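Each remark here refers to the structure printed beneath this line.
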Amino acid sequence: MSGEYCTRLTCLGLLSFVILSGCDSSASRTAEAPVPMAAPLPADSSSGNSESRILTEPVEKRFQGITLTIPAGWEERPVASDMIQAEYRIAGEGGPARMTLSSAGGGIEANLERWQSQFQRSPNDPSPARETVMVDGREAVLIELQGTFTDGFSGKGPQPDSCMLGAIIPTGPANFFLKLTGPKSSVIPQREAFRQLLTSAQLD
């Protein structure tokens, strides 16, 4: 084999090595390139209060079998239980009061007795006040309770100086419940707004 031929083979071999080395290096750099990561969400991006809103005007809200007009100024909140159809928070002097709207079966008297059992009256607390209110041609019951309130569903302990405004509207097979609870100094000023909510009811 001539020296010139060997020299050509050597040059071709070196050239092939350089080309292959370059390809391997490029592939290695591509494989080692960092994978882009999504930026983390802000800490408050999933706030539990994202669905809350303060009503700037009265809002008509429809439920099964009944429509009510919710007063302006109440804060609509995400419901805390599947048993509740709507929930509102009302600011007041003694702290926020809680308004819930729900529908369930059971007799009216049995539910009124259950509400009364949640209150322990002191000597200074008035007796339960109860009256019948005509709502779109039907007799609804309105009750006011005062004393130390214990709600087994909330998990809170006894809450002294509390008040409840409650109403039960017969809507057919089930009854519709309006229930406002909280500190006396926050609930009592809402008496008129509660009555207006009750009498705004339109039954199907």
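Readers should treat all values here as calculations from the given coordinates under stated rules, not as data from a laboratory. Everything quoted here is computed from the prediction, not taken from an experiment. Note that each Cβ is placed from the backbone with ideal geometry, even for glycine, and that neighbours are counted across all protein chains shown.
Tabulated results
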{"read-out": "Chymotrypsin sites (Phe, Trp or Tyr not before Pro) lying in DSSP loop within segment 145-204, provided at most 11 other Cβ fall within 10 Å", "value": "Phe153"}
{"read-out": "Segment 47-109: GluC sites (Glu not before Pro) falling in loop per DSSP and having at most 15 other Cβ within 10 Å", "value": "Glu51, Glu93"}
{"read-out": "J(HN,Hα) series, segment 185-194, from Karplus relation 6.51 cos²θ - 1.76 cosθ + 1.60, nearest Hz, glycine and proline x", "value": "5, 9, 7, 4, x, 9, 4, 5, 5, 5"}
{"read-out": "Loop-located trypsin sites (Lys or Arg not before Pro) in segment 107-204 whose Cβ has at most 12 other Cβ within 10 Å (DSSP)", "value": "Lys156"}
{"read-out": "Interchain or long-range residues, amide H under 5 Å from Gly92's placed H", "value": "Ala97"}
